[in-house]
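Reading through the structure tokens given below for one structure.
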Amino acid sequence: MNKMFVCLSVLAVALSVGGCRGGASAQQKQDLSHMNARQRDEAGREAAANLRRTELKEDADTKVADIRYRASDDTFVYTLILKKIASPKVLDTARRRKLDTMLHKEGRKEICRSRNMRDLMVHGRYSVEYRVLARNGRALSSPIHISARDC
């Protein structure tokens, strides 16, 4: 499952927070926190376009189908397809609930582990949402919404 969350480190670079391993500098944090809604939306759309050009890829288990920016709540929405699961119907209720819990837990852990992403969410007021789908395009779990409060 960690493969799904690797592409988020690029987000910090796309929004000029990345660049150093120790997180954003004090000046970058201040710049992020002083952005108004219009500037955040513009930067978010630009970052999503950059991510679509570089991060729409697939491996044996997962495929990043789409990355977009939702301006209404400053959220980057990733659409991920798990190739090994053909349909949500193959999972019984208990296994589906367990998968949902595991996806939420792993998603938050991976996002919050990166200092760049934490800085981006706290100071830039962005959030990330994952939509995890089966191979047939049906939802496997509820959307995984990760914001600064989760870290």
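Each residue, N136 and D66, gets one label point 7 Å from its Cα in the Cβ direction; the gap between the two is 2.0 nm.
Taking 7 Å steps out from each Cα toward its Cβ at S33 and R97 produces label points 4.2 nm apart.
For a 29 Å ceiling on Cα separation, which of these pairs sit above it: K29/K105; K29/K63; K29/K84; K29/K98? Violating the 29 Å Cα-Cα cut-off are K29/K63; K29/K84; K29/K98.
FYI, it's all coordinate maths here, none of it is from the lab. All figures in this text were calculated on a predicted structure; none of them were measured in a lab. All Cβ positions, even for glycine, are placed from backbone atoms using ideal geometry, and neighbour counts span all protein chains on display.
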